[in-house]
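What follows is a set of notes on a single structure, which appears directly below.
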Amino acid sequence: ADATGLEETHILVTAGPTHEPIDPVRYLANRSSGKQGFAIAAALARLGARVTLIAGPVTLDTPEGVTRIDVETALEMQAAVEAALPADAAIMVAAVADWRVEGAGQKIKKGAGGPPVLHLVENPDILAGLARSPLRPRLLIGFAAETEHVIDHATAKRARKQVDWIVANDVSGDVMGGAANTVHIVTANGVESWERMPKDAVAARLAERIAAALR
Ligand code: C5P
């Protein structure tokens, strides 16, 4: 066995967006493609981890050696995360919808009443919940998609959510859906900024880091 790898570890990865139904035919969504999360799951599996990938609605192939669980909504993602525990590490890459539509029932009809008003309610923060769980993985990593003050927001997020690392990315450009990413790794030891590189390369480097941390 490869002594520098992730053999005998179980690692949870969330990826992609969530879809929040407005009614049976409409939903709220975001621009997450799932590419970065899928690349991380693939890289962890290559290092020998048993990987459970909890994926929102995306059009990506399941990486080799990865167990994939498909979900649609934030509430389904939360339930799938809880069901997949325990895990040695969790990397929460999903762009979970902050809100869902309250009381999404029958198809909303166009009519004399004018446009409908959607009542939104907050979704649970899956990552923050995991940080407080008795089954908290010993390495808990969150992502932060920001458009400004990237490092400041990521540092604050790390403290607020009580996670070990935040991987911050600037999504003001073409990161969402694109093939490359510029990330900053925020840990207890400070901030490390990586050059812009393909999402696969970010994933490989992050997987090596995770292996070193779990060793
Ligand atoms: O608060 P914000 O959405 O910026 O936090 C992003 C991080 O938290 C990501 O790791 C994301 O996967 C996770 N998250 C979550 N559940 C939510 C919102 C965010 O797990 N409802």
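Summary table below
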| item | result |
| --- | --- |
| Cβ-based charge dipole, the stretch 69-215, positive-most Cα from 104, 212, 172 | 104 |
| Cross-link reach list, aspartates and glutamates versus residue 107, counting only Cα pairs under 16 Å and skipping chain neighbours closer than eight places | 20, 23 |
| Exposure rank, largest accessible area first [14, 155; 1.4 Å] | 155, 14 |
| Sites matching GluC sites (Glu not before Pro) across the stretch 40-139 that sit in DSSP coil, with at most 11 neighbouring C-beta atoms within 10 Å | 64, 102 |
| Dipole magnitude (debye, nearest 20) for the chain, charges at Cβ of Lys, Arg, Asp, Glu | 260 debye |
| Calculated diffusion of the stretch 2-109, Stokes-Einstein form, Kirkwood radius summed over Cα pairs, 25 °C and 0.890 mPa s, µm²/s | 170 µm²/s |
| Share of carbon and sulfur in the accessible heavy-atom surface of the chain [1.4 Å probe, %] | 50 percent |
| Relative contact order %, the stretch 1-143, counting alpha carbon pairs below 8 Å whose residues are six or more apart | 29 percent |
| Alpha-carbon centroids, the stretch 37-62 and the stretch 179-215: separation in whole Å | 16 Å |
| Alpha-carbon Rg with Dmax, taken over the stretch 56-211, Å | 17.8, 60 |
| Percent antiparallel among DSSP beta bridges (both partners in the chain, rounded to 5) | 40 percent |
| Proximal lysines relative to residue 199, as straight alpha-carbon distance under 23 Å, when same-chain residues fewer than 8 apart are discounted | 35, 157 |
| Accessible area in square angstrom per residue, the chain, 1.4 angstrom probe | 51 Å² |
| Accessible-area order (highest first, 1.4 angstrom probe) of the listed residues 176, 77 | 176, 77 |
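The values are calculated or read from the model by the stated rules, or taken from the named source; none is laboratory data. Because the structure is a prediction, the values reported are computed rather than measured. FYI the Cβ positions are ideal-geometry reconstructions off the backbone, even for glycines, and counts take in every protein chain you see. In case anyone asks, the SASA skips ligands and DNA or RNA and just uses the protein heavy atoms, side chains included. Shrake-Rupley method; radii C 1.70, N 1.55, O 1.52, S 1.80 Å.
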